[in-house]
1. Identify, by number, the condition in (1) closer than 30 Å to Ala269 by Cα; (2) crowded, with 18+ Cβ neighbours inside 10 Å; (3) at pLDDT below 95 that Gly307 doesn't meet.
2. Sort out which residues of region 93-129 are assigned to a helix (DSSP H, G or I), modelled with pLDDT under 95 and aliphatic (A, V, I, L, M), and write them in order of number.
3. Is it the case that some residue within region 351-371 is of a type in the set (D, E, K, R), over 22 Å from the mean Cα position of the chain (by Cα), modelled with pLDDT under 90 and under 25 Å from Gly181 (Cα atoms)?
4. Out of everything in region 260-296 that is surrounded by fewer than 16 Cβ atoms within 10 Å (Cβ to Cβ) and among the β-branched types (Val, Ile, Thr), what residue ends up being nearest to Ala377 (Cα to Cα)?
5. Are any of the residues in region 48-55 outside any helix (DSSP H, G or I) and either open to solvent by 60 Å² or more (accessible area, probe 1.4 Å) or modelled with pLDDT under 50 (or both)?
6. Somewhere in region 260-280, is a residue within 22 Å of Asp339 (Cα to Cα), in contact (Cβ under 8 Å) with a residue 60 or more places away in the chain and in contact with a Gly (Cβ under 8 Å, 6 or more places away or on another chain)?
7. Restricting the search to region 219-240, which residues are among the charged types (D, E, K, R) and either open to solvent by less than 20 Å² (accessible area, probe 1.4 Å) or farther than 16 Å from Leu330 by Cα (or both)?
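The values are calculated or read from the model by the stated rules, or taken from the named source; none is laboratory data. Keep in mind that this is a model prediction, so the values were computed, not measured. Positions of Cβ are generated from backbone atoms using ideal geometry, with glycine treated the same way; all protein chains shown enter the neighbour counts. Areas reflect the complete protein model, heavy atoms only, side chains present, ligands, DNA and RNA absent. Shrake-Rupley method; radii C 1.70, N 1.55, O 1.52, S 1.80 Å.
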Amino acid sequence: MKIFRIAAVLVLAALLAGCSGGSIYSNYRELEQLMVIQTLGFDRTPGGVRLSASSGSDSAGGGGGSESGAEQSGSASVARLAAEAPSFSLAEEKMQDYSAREDLFFAHTAYIAIGGASAKESVKPFLDYIERSTDLRLDIPLFVVTNGTASELVLGAGGETYDATSVLRSLERNIILRGDGVIFSAAEVVSSLDENGCALITAVKSVKADKAVKEAKAAELTAIPDGFAVIKNGRTVGSVPVDCAKGVNVLQNKVGPSSVKLRVGNDTATVQLDKCACRITPMFGGGVLAGLDVKITLSAALSETTGSVGVQELNRALADEVERWVMQVLDISRSLECDFLQLGRVLERKEPQRLHGASADLSERLRDIYYNVGVEAEVDRSFDVGLGSSE
């Protein structure tokens, strides 16, 4: 027993001695040695893939210069790199080889963009890489760039201070504050694809910033919402246009304080959505699912109007507009035979016995069911500004 105790003490002493001079991690690096990658872009190329990266303005890394086999550019605070290789792992290694001063650090990646053309071919290789990578998290928000490559959005158009991370962070903040879109993470997309073979990914357009902000330089880029890309069997098969994208929020009970412009007779009015509740229940015929009953109740506040509008007319205009969003989204889902809203899961929870398995196979039933959509809208907190008597 004494021999055992002595051996245990010697082992403990050796471990303590080993830890006293440094980190217990074998891959430990000083913060100053790291280039923190915050935005990644995935594209396909004829020879494999193209991986683009931006360090973000708060990274320890710097930019400057270019090397053979990999590209690197940027200001003193933002580094942008890109490399092409047969696989993303090899592209990552190539970028690391040509990052002369810092080690690339991917664990703090905040956004991933996928090129639109690449997504139409297949998103599976990109999702597989994210799932298998030991450096990336599954909760990273995904975007599809509908009008170009991910590389163009991540690297910019030559502006010295361009920062793709700031662009996407601003986009995300605005979408959340306005409540006119949903941003899906890689984990949510993978889960939806695994469950019923389809999913939504937030779509964006890269545009020249001077078209959005007068003072911006023509070379600078920004990103604007472009609805959703519909993914089925691992590739883009359609889209939800931006003009009805709020219908996705409504159907998923994720409506925020977004503004809605309405036509009321010869006048226009702008209201801000407040509360919204969506209840979806199955309707049966002959013992099988025949339709969906969608009941929506919402309230909004009047922001401004070009004339005097009646309360009831304003309520009807808002209800009609929300119904248009919802019906267009549901029609897209049905025409593509894609339950990208995960309605099957909702129905199965309501009727677990009669609709067992609906979460997996509702996509196949969509063409055979009908929708009964009803919207009740009320504009309140208006303080009678611009409101006339109702007919």
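1. Answer for Gly307: the failing condition is (2).
2. Once the filter is applied, which keeps residues that are assigned to a helix (DSSP H, G or I), modelled with pLDDT under 95 and aliphatic (A, V, I, L, M), region 93-129 yields only Met95.
3. No.
4. Within region 260-296, the first condition is being surrounded by fewer than 16 Cβ atoms within 10 Å (Cβ to Cβ), and the residues that meet it are 261, 263, 265-266, 268, 270, 275, 277, 279, 281, 283-288, 290-291, 293, 295.
Of the ones still in play, those that are also among the β-branched types (Val, Ile, Thr) are 268, 270, 281, 288.
Values: Thr268: 17, Thr270: 14, Thr281: 20, Val288: 32 Å.
Selected residue: Thr270.
5. Our first condition is that a residue be outside any helix (DSSP H, G or I); within region 48-55, this holds for 48-55.
Within this subset, residues satisfying the condition of being either open to solvent by 60 Å² or more (accessible area, probe 1.4 Å) or modelled with pLDDT under 50 (or both) are none.
For region 48-55, residues outside any helix (DSSP H, G or I) and either open to solvent by 60 Å² or more (accessible area, probe 1.4 Å) or modelled with pLDDT under 50 (or both): absent.
6. No, region 260-280 contains no residue that is within 22 Å of Asp339 (Cα to Cα), in contact (Cβ under 8 Å) with a residue 60 or more places away in the chain and in contact with a Gly (Cβ under 8 Å, 6 or more places away or on another chain).
7. Step one: of region 219-240, the residues among the charged types (D, E, K, R) are 220, 226, 232, 235.
Listed by number, the residues that qualify are Glu220, Asp226, Arg235.
Matching residues to (1) buried (at least 18 other Cβ atoms within 10 Å of the Cβ); (2) within 13 Å of Val189 (Cα to Cα):
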residue	(1), (2)
Glu131	no, yes
Leu136	yes, no
Pro141	yes, yes
Ser151	yes, no
Leu155	yes, no
Val167	yes, no
Ile176	no, no
